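Enquirer: Input: one structure, supplied below.
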Amino acid sequence: MGEDPSLTEPNPSSKVRVTISRSDPGAERTFLVERIEPMMVLDLLLAIQREHDPSIGFRYSCRVAMCGTCTLRMDGRAILACQTPLEPGRNEVRLDPLAGLPVVRDLVVDMKPFFEEWARVRPYLEPLEGLDEPVHLKPDSPERQIIDPSLDCITCGACYSSCGLADHRRDFLGPAALNRAMVLIADSRDAAGPERLEAVTAGDGVDRCHYIYGCTAVCPKGLDPAAAIRRLRRWRLEGRPR
Amino acid sequence: MDTDVAVVGSGGAGLMCVLHAAEAAPELDITIVSKGAVGRSGCTRMVQGGFNAVLDPDDSFELHFRDTLEGGKYLNDQDLAWTLVNAAPEVICELETKVGCFFDRAEDGSIRQKAFAGQAFDRTVHRGDLTGIEIMSRLLDQTFRIKPRELGDVRALDLLLDEDGEVAGLALLDVRTGAVAVLRARVVVVATGGAATMYRIAAPAREKTGDGVAMCYRVGLELRDMEMLQFHPTGLLAGESRLTGAVLEEGLRGAGAYLYNANGERYMERYDPERMERATRDIVSRASYQEIMSGRGTPAGGVMIDISHLGAEEVERRFAGMVARTRQIGRDLAREPVEISPTSHFAMGGVVIDEDCQTSVPGLLVAGEDGGGVHGANRLGGNGVAESTVFGARAGDRAAVVARERNLRDPEPAQVAVSVERALAPLQREKGPSPFQVTRELKETMWEGCGVVRNREGLIQARKRIEALTEQAAKISVPGPPQMNNAWQEALDLSNQLTVAHTMIDSALVREESRGAHFRSDYPEQDDARWLRYIVVRGGQNGETEVSLRPVKFTRKRPEPDGPPAEALEVEDLEEGREDLKR
């Protein structure tokens, strides 16, 4: 592609210059977007769609950080577009699709590899025999103190994209799936704990983690998958907490 | 492509249906059709408050039932409401012991139940103030065990019937590739969610464009209570940002937040001096709307909510999520007033169904917000996710039975052709209006004309405007490739929204009284003598909407105190309504 003329023009302060990776080599990549207040990254995309190029490919649903579908990279960092404000004075932004996942179009990725790993840890509860009633469990029980801060994963893929191993595809279960496995192993209602622990501490499990902490740094829900991985390593040695 | 059970929609109702159909009949081939990401679309994920269920021995089905009817102003289908109340505890138990959810616990280790507006007993099961994500995440996890066929990013265009008028399947559009296809199915379950996004200020996820209700309308199914749309009183105002309309949780008012107009008056004094800001959703929404419309709102068209008098630390501790939400837009709920407005939230109306989610078309089931009658004229907080999961489960159970009884049938070819042609048209047109502009006008029209407060003139204007917009929508042109084309998808969403908007306005015109969420400034009183009747609309032969009124059947409980009998409808009532529809 030749030099984009809009890149060499001065950027008037009231506008934001947004550069977006596009799938079609002929598609416009740079847009000067009128600033509004407040403005999330999602609002930038909606403005481009409305005012500049209706064919731009991106995804969102709930816009309140619950669906986890608007994840993309802003200047290299994985974010949720809906909950990331454009700071005052900011007038340059680069947007790319998540790393390590096939691009469907423009900023839309195929989450299949992410969910394949999620599926590999058997992410569903395998209830103990005879579990017919909700268990009695005090809110401050040790089990819930491990689990509660690690729930709320919205499967947005930010950690997957930011994992230091993301480029070496791909014999690692990954931070989100391991976090889910940790939660289930800690859950006293689950019958598959020993098998789960064996599975996640095998070859492509916790030992592949290099503790770069990319996952924990970007999690938009403030979860700490790296801590979950450390915990799983400890349980391998010490056994599950019971 | 063939399947046994096709489920349209992958929110709480859709995934619960899949789970139940698979458990009841493991041999069935089940297909999920979702125009967004499977399990990550729709509104169940966004549910804050919780799930109403009778678990405490001191509570009772009768009490939950009464609360639901009082909330619904006795417009509810009583058999549906009774089903909801009775099945809710089983579903909570199933979610905890089979699905893997874990709800908040009380100090003694039992499931904690909190107080929620409009209920005589503390019966709302929850997980913090984000209950929906726990339910949806765990239901999505179940799909990795069940392994249904997942058609994510695939839009259902239309229901397809065979020559006998029975369900044959669906016309589909693959959003990623732009390819169209026919899916034959023994049973189709429609669970797409309502159409509350069609307002300028609205809370739901973007997928909620009434696709299911519009599809059902197009094949001639009856819709009821379409005038009943709930507005949540505290939607965030964030200028042109898409965040506008996002709900600030109900608990703020419960905790003692004040509402002010632009003149600094606590205006609830004029509307409900006793309960003030703690009045029910409909009353507070109406009061705020009237302040704004009378010129006492902020320049941006809002009012202010202020809870800073509790002290910043206290607000940060109790409402961390809401404080974060306001800071994201440069405000601080813990320290200053924040601008809000009523926001369009939930459609009580929908397709007429029975307790097993069956419709008048054999093989076609409807579950969740797409169904009508459970909530009557207003929904209680905490009865929404209960409805999705209870009726989703029942639809799944029923689908398993029906799928065994029915054969695959061939859709009428003409129907397929019409559906596909209609879908492809915007992409093929060289010139025409942009879908985004027409959607914006639809939202403006509904907000002004069929909003929190309605009147005859406004509704008639809105109706004319919707007709004009429908004509424009038929000329829309979208550029770009067929793959993952948001503008094209917006055009298809818009078409469904306009269909539903029509039915809402027609129903709102006919109901010449005020009840629950429906408030007519020209008929401000609730009129039980004439209006313990529900409005049914269906598509007629020549594109006209047929409207009829039916008396509510008090199969279990009469309005209290002893209300008047719902005698047969006087003919003039209906004629009056029809005349309005012709103007």
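Please treat every number below as a calculation from the coordinates, not as lab data. Keep in mind that this is a model prediction, so the values were computed, not measured. With ideal geometry, Cβ positions are generated from the backbone for all residues, glycine too; neighbour counts draw on all protein chains shown.
Enquirer: Within the P(r) computed for the range B:1-86, what percentage of the Cα pairs occupies the region above 16 Å?
Expert: That fraction is 67 percent.
Enquirer: Same structure again: At what distance in nm do the modelled label points of residue B:79 and residue B:356 sit from each other, each positioned 7 Å from its Cα along Cα→Cβ?
Expert: Computed distance between label sites residue B:79 and residue B:356 equals 1.1 nm.
Enquirer: Among rounded, prolate and oblate, which fits the range B:125-236 when a ≥ b ≥ c are the square roots of the eigenvalues of its C-alpha gyration tensor, a/c under 1.5 means rounded, and a/b larger than b/c means prolate?
Expert: It is oblate, given that a/c is not under 1.5 and a/b is not larger than b/c.
Enquirer: Could you work out the equivalent-ellipsoid semi-axes for the range A:112-238, taking the square root of 5 times each eigenvalue of the Cα gyration tensor, largest first, in whole Å?
Expert: Gyration-tensor ellipsoid for the range A:112-238: 25, 16, 14 Å.
Enquirer: Could you let me know the centre-to-centre spacing of the range B:456-530 and the range B:128-174, using Cα atoms, in angstrom?
Expert: Each part's Cα centre sits 26 Å from the other's.
Enquirer: Is the range B:230-344 rounded, prolate or oblate when judged by the Cα gyration tensor, a ≥ b ≥ c being the square roots of its eigenvalues, rounded requiring a/c under 1.5 and prolate requiring a/b larger than b/c?
Expert: Cα axes put the range B:230-344 in the oblate bin.
Enquirer: Something else: Which order do the peptides B:57-64, B:189-196, B:420-427 come out in when sorted by mean C-beta neighbours inside 10 angstrom, highest first?
Expert: Descending mean neighbour count gives B:189-196, B:420-427, B:57-64.
Enquirer: Give me the dipole magnitude in Debye, nearest 20, for the range B:486-553 about the Cα centre, with unit charges on the beta carbon: positive for Lys and Arg, negative for Asp and Glu.
Expert: 320
Enquirer: A further question on this structure: With just the Cα atoms defining each centre, how far is the range A:106-175 from the range B:266-319? Give it in Å.
Expert: 39
Enquirer: Follow-up. With each label point set 7 Å from Cα along the Cα-Cβ vector, what nm distance links residue B:408 and residue B:56?
Expert: About 5.3 nm, to one decimal.
Enquirer: Return the subset of A:15/B:464; A:221/B:208; B:35/B:475; B:147/B:208 for which the Cα-Cα distance in this structure is over 27 Å, preserving the input order.
Expert: Long pairs (Cα-Cα over 27 Å): A:15/B:464.
Enquirer: Could you tell me the convex hull volume per residue, in Å³, taken over the Cα atoms of chain A?
Expert: 148
Enquirer: Using only the alpha carbons, work out the radius of gyration and Dmax of the protein assembly as shown in angstrom.
Expert: 25.8, 81
Enquirer: Something else now. Roughly what % of DSSP beta bridges within the range A:5-109 run antiparallel, to the nearest 5?
Expert: Here the share of antiparallel DSSP bridges comes out near 80 percent.
Enquirer: Using +1 at the Cβ of each Lys and Arg and -1 at the Cβ of each Asp and Glu in the protein assembly as shown, identify which of B:540, B:487, B:461 lies farthest towards the dipole's positive end.
Expert: Among B:540, B:487, B:461, the one farthest towards the positive end of the dipole of the protein assembly as shown is B:487.
Enquirer: Taking the dipole about the Cα centre of the protein assembly as shown, with the C-beta of Lys and Arg at +1 and of Asp and Glu at -1, give me whichever of B:233, A:82, B:470 is farthest to the positive side.
Expert: My answer, from the dipole projection, is A:82.
Enquirer: By how many nm would the segment from residue B:401 to residue B:144 lengthen if fully extended, with 0.36 nm per residue of separation less the alpha-carbon distance?
Expert: 90.2 nm
Enquirer: Short version: what are the Cα gyration tensor semi-axes of the range A:5-109, square root of 5 times each eigenvalue, largest first, in whole Å?
Expert: 20, 17, 12
Enquirer: Sticking with this structure for a sec: How large is the dipole of the range B:285-407 about the Cα centre if only Lys and Arg carry +1 and Asp and Glu carry -1, each at its Cβ, rounded to the nearest 20 debye?
Expert: With Lys and Arg at +1 and Asp and Glu at -1, about 140 debye.
Enquirer: So which cysteines of chain A have no other cysteine's Cβ under 4.7 Å from theirs?
Expert: A:70, A:82, A:153, A:156, A:163, A:209, A:219
Enquirer: Please return the longest range in chain A lying between exposed loop sites, taking GluC sites (Glu not before Pro), DSSP loop only, at most 16 other beta-carbon atoms within 10 Å, and leaving the sites out.
Expert: A:130-242
Enquirer: Taking the beta-carbon count within 10 Å as an exposure proxy, list B:74, B:267 from fewest neighbours to most.
Expert: Ordered from fewest to most neighbouring Cβ atoms within 10 Å, B:74, B:267 come out as B:267, B:74.
Enquirer: Also, quick follow-up: Write down Rg/Rh for chain B, rounded to two decimals, with Rg from the C-alpha atoms and Rh from the Kirkwood relation over Cα pairs.
Expert: Taking Rg over the Kirkwood Rh, I get 0.95.
Enquirer: Can you check what the net charge comes to around residue B:1, using other residues whose Cβ is under 10 Å from the Cβ of residue B:1 (Lys, Arg +1; Asp, Glu -1)?
Expert: In short, +1.
Enquirer: A further question on this structure: What nm distance separates the two modelled labels at residue B:263 and residue B:106, each placed 7 Å from Cα along Cα→Cβ?
Expert: If labels sit at residue B:263 and residue B:106, their model points lie 4.7 nm apart.
Enquirer: I've got another one for you. For the charge dipole of chain B, defined by +1 on Lys and Arg C-beta atoms and -1 on Asp and Glu C-beta atoms about the Cα centroid, which residue among B:323, B:182, B:500 has the Cα displaced farthest towards the positive pole?
Expert: Checked the options; the winner is B:323.
Enquirer: For the range A:5-109, with only Lys/Arg (+1) and Asp/Glu (-1) charged at the beta-carbon, what is the dipole magnitude about the Cα centre, in debye rounded to 20?
Expert: 240
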